[in-house]
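Student: Structure incoming, see below.
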Amino acid sequence: GDNQRLTCQYDGQVHSILFNYDSGKELRIKCPKAALVCPQLFCPANCAGRGECVYASGQKNDVDIRAKCVCGSDEDKTAGCYNTNLTFPAVYGYAYENPNRANKTMFMVIVGSLVAGLAVMYVAVRQWKARQNVFM
């Protein structure tokens, strides 16, 4: 047999090889998620936005965990910093500080989309009528 070694460059990559045992048909192999195959190389839940993923290097034992979360809270001893408050609100502001801001933004997005949609329809109808030699 032909020994081939295929390298996965990214999760979900598909390799196609000829399968000699089934009249030379193509066999497709999908690369698994690296975090499932080698969990010791990844932080749990990518620290869930509550800490920093730190990678250790130069360890002799392959069984050792190479990546671990350093939590923003010293009291949090969970692997993924699950007991630490999210840092997102501290950076971008809490929703309850300005509750109408999100509602106003959503309203503006909806109204803007509606106006843009009507403008596109107007142009499309005008072009169609111009082709039909009908004027508004």
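Read the figures in this text as sums done on the coordinates, not as results from a lab. All of these numbers come straight from a predicted model, not from anything done at the bench. FYI the Cβ positions are ideal-geometry reconstructions off the backbone, even for glycines, and counts take in every protein chain you see.
Student: Label-point separation (nm) for Ala116 and Cys8, each offset 7 Å from Cα along Cα-to-Cβ?
Tutor: A separation of 3.7 nm, rounded to one decimal place.
Student: What order, most packed first, do the peptides 121-128, 36-43 have when packing is the mean number of other Cβ atoms within 10 Å of each residue?
Tutor: Ranked by mean Cβ neighbours within 10 Å, highest first: 36-43, 121-128.
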